[in-house]
Amino acid sequence: MRNLYLLFFISILGSCKDSVENYREATNLYNQEQYWAAIDVLKKLGQNNSTNPIYQNDIGACLIQMDSFRLAVTHLTEAIRIDPNFYKSYLNRGLAYFELKEYQKAISDYSKGMELDTASYDRLNYRGTSYSKIGQDSLAIIDFTEAIKLNPSKGQAYRNRSTSYDLTNQFDKAIQDLEIAIELEPNNPKGYSNRGRIYRLNHKKKEAINDLKVALQLDSLNYENYLYLGNAFYDSGLYNLALEQYELALQRTQNDKGIIYYWKGNTYKKLGDYSKALKFYKKSRKLNPEHPETLQELQKLYHEFEFAQMKMSAENDYSYRQGGA
């Protein structure tokens, strides 16, 4: 369940007994994750309280929990129209925009919500991540640093800041943050996965493999752990082990198979099996036609095939002429 800003039971002390009971019912339904039922109760309450933003806010919060982000934005925008200083709706709408990957809008709403209220660990984390998603990692680092000051005992902000350090080529700082995150949360696979990925990018192959194996032990369902470990094996020249990991990754995802096919194509190319390499590059391009690396590798492979055929033709022609002589 996401951490949202609801107002069940707030500002209703002067309401009638039935309204209090209805709000109590909506709260119980929400806590039981029966969000549609909670919305029905809130709509009934809101019919006679159209100038109060809390109903639209709480309906929006329920919709976010059901991943109905676009509809949630509609209700939260209505709450803000009713009361432009209603900070909880800005924060909730910021989360909805974040989930919709509309990061600039998320930044704007989180900034407004914190301007009207206060900064918090979660709010700074979401805004910082939104900054990072649009490439403004220097601002992201500022938000993550402020979040850490508010709560230095949680690992999430350290992991997030490490990503921004990594993206700004501050690898030592990225590793330092991940070491702290792992110390704080030793059973969280993300710390090991992120550190293993950074080790790999910095050509520390053994360290990368060790970390990614730990991440896999802690979370055997996440396909990315298999993909990253496969990539570390690939970098180390352990191509058959890499193929095993890629196959396990394919078994655990339906959405991101294109990138896995790309790496299988790379691996078969390294093994000299060009027909299989071509097969997987084509499968990757079918799923991700805009992936530039796949197109580049396909063009290289076609060129190598063409060169090999020309060479074979020339050798055959030479042998024929030598035989004729």
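None of the figures in this text is laboratory data; all of them are computed from the coordinates on show. From a predicted model like this one, the values you see are computed outputs, not experimental measurements. Backbone-built Cβ (ideal geometry, glycine too); neighbour counts: all protein chains shown.
Which ones in segment 201-238 are under 20 Å from Y261 (Cα atoms), assigned to a loop (DSSP other than H, G, I, E, B) and over 18 Å from the mean Cα position of the chain (by Cα)?
Within segment 201-238, S236, G237, L238 meet the criteria.
Kindly establish whether N57 is surrounded by fewer than 23 Cβ atoms within 10 Å (Cβ to Cβ) and either touching a residue at least 24 places away in the same chain (Cβ under 8 Å) or not basic (K, R) (or both).
Details: surrounded by fewer than 23 Cβ atoms within 10 Å (Cβ to Cβ): no; either touching a residue at least 24 places away in the same chain (Cβ under 8 Å) or not basic (K, R) (or both): yes.
Against the criterion (surrounded by fewer than 23 Cβ atoms within 10 Å (Cβ to Cβ) and either touching a residue at least 24 places away in the same chain (Cβ under 8 Å) or not basic (K, R) (or both)), N57 does not qualify.
Select from segment 239-260 the residues that are more than 19 Å from the chain's Cα centre (by Cα) and buried (at least 22 other Cβ atoms within 10 Å of the Cβ) and list them in ascending order.
Step one: filter segment 239-260 for residues more than 19 Å from the chain's Cα centre (by Cα), giving 239-248, 251.
Listed by number, the residues that qualify are A242, Q245, Y246.
Just to be sure I understand the filter: pairs with C-beta atoms under 9 Å, separated by 6 or more residues or on different chains, first member in segment 22-42 and of a type in the set (D, E), second member not in a helix (DSSP H, G or I). Which pairs pass?
E33/M1
Identify all residues within segment 142-173 that are of a type in the set (G, A, S) and outside any helix (DSSP H, G or I); write none if there are none. Spell out how you get there, then give the answer.
Filtering segment 142-173 for residues of a type in the set (G, A, S) gives 147, 153, 155, 157, 162, 164.
Within segment 142-173, S153, G155 qualify.
Could you tell me which of the residues L139, L91, L178, L71 is in a helix (DSSP H, G or I), farther than 19 Å from R195 by Cα, aliphatic (A, V, I, L, M) and touching a residue at least 12 places away in the same chain (Cβ under 8 Å)? Spell out the reasoning first.
Numbers: L139 fails: touching a residue at least 12 places away in the same chain (Cβ under 8 Å); L178 fails: farther than 19 Å from R195 by Cα; L71 fails: touching a residue at least 12 places away in the same chain (Cβ under 8 Å).
Only one candidate passes the filter, namely L91.
Which of the residues belonging to segment 45-79 are among the acidic types (D, E) and touching a Phe, Trp or Tyr at 6+ places or on another chain (Cβ under 6 Å)?
Just the residues of segment 45-79 that are among the acidic types (D, E), to begin with: 58, 67, 78.
Scanning segment 45-79 gives no hits.
N92 passes all but one of (1) under 24 Å from the mean Cα position of the chain (by Cα); (2) surrounded by fewer than 18 Cβ atoms within 10 Å (Cβ to Cβ); which number fails?
Against the list (1) under 24 Å from the mean Cα position of the chain (by Cα); (2) surrounded by fewer than 18 Cβ atoms within 10 Å (Cβ to Cβ), N92 comes up short only on (2).
Tally the residues that are part of a helix (DSSP H, G or I) and either touching a Pro at 6+ places or on another chain (Cβ under 7 Å) or touching a residue at least 12 places away in the same chain (Cβ under 8 Å) (or both), restricting the search to segment 43-54.
Within segment 43-54, the subset part of a helix (DSSP H, G or I) is 43-47, 53-54.
Applying the additional criterion that residues be either touching a Pro at 6+ places or on another chain (Cβ under 7 Å) or touching a residue at least 12 places away in the same chain (Cβ under 8 Å) (or both) yields 43-46, 53-54.
Residues flagged as part of a helix (DSSP H, G or I) and either touching a Pro at 6+ places or on another chain (Cβ under 7 Å) or touching a residue at least 12 places away in the same chain (Cβ under 8 Å) (or both) within segment 43-54 amount to 6.
Would it be correct to say that T74 is surrounded by 15 or more Cβ atoms within 10 Å (Cβ to Cβ) and farther than 27 Å from S111 by Cβ? Before the answer, list the steps.
Values: surrounded by 15 or more Cβ atoms within 10 Å (Cβ to Cβ): yes; farther than 27 Å from S111 by Cβ: no.
No; evaluated as a whole, the condition is false for this residue.
Please specify each residue of segment 249-283 satisfying the condition of being more than 19 Å from E224 (Cβ to Cβ) and of a type in the set (D, E).
Within segment 249-283, just D273 meets the criteria.
Starting from residues that are basic (K, R) and within 12 Å of R159 (Cα to Cα), keep the ones in segment 179-216 and report whichever is surrounded by the fewest Cβ atoms within 10 Å (Cβ to Cβ).
Restricting attention to segment 179-216, the residues satisfying the condition of being basic (K, R) are 190, 195, 197, 200, 204-206, 213.
Subsequent filtering for residues that are within 12 Å of R159 (Cα to Cα) retains 190, 195.
Working: K190: 21, R195: 28.
Across segment 179-216, the extreme among qualifying residues is K190.
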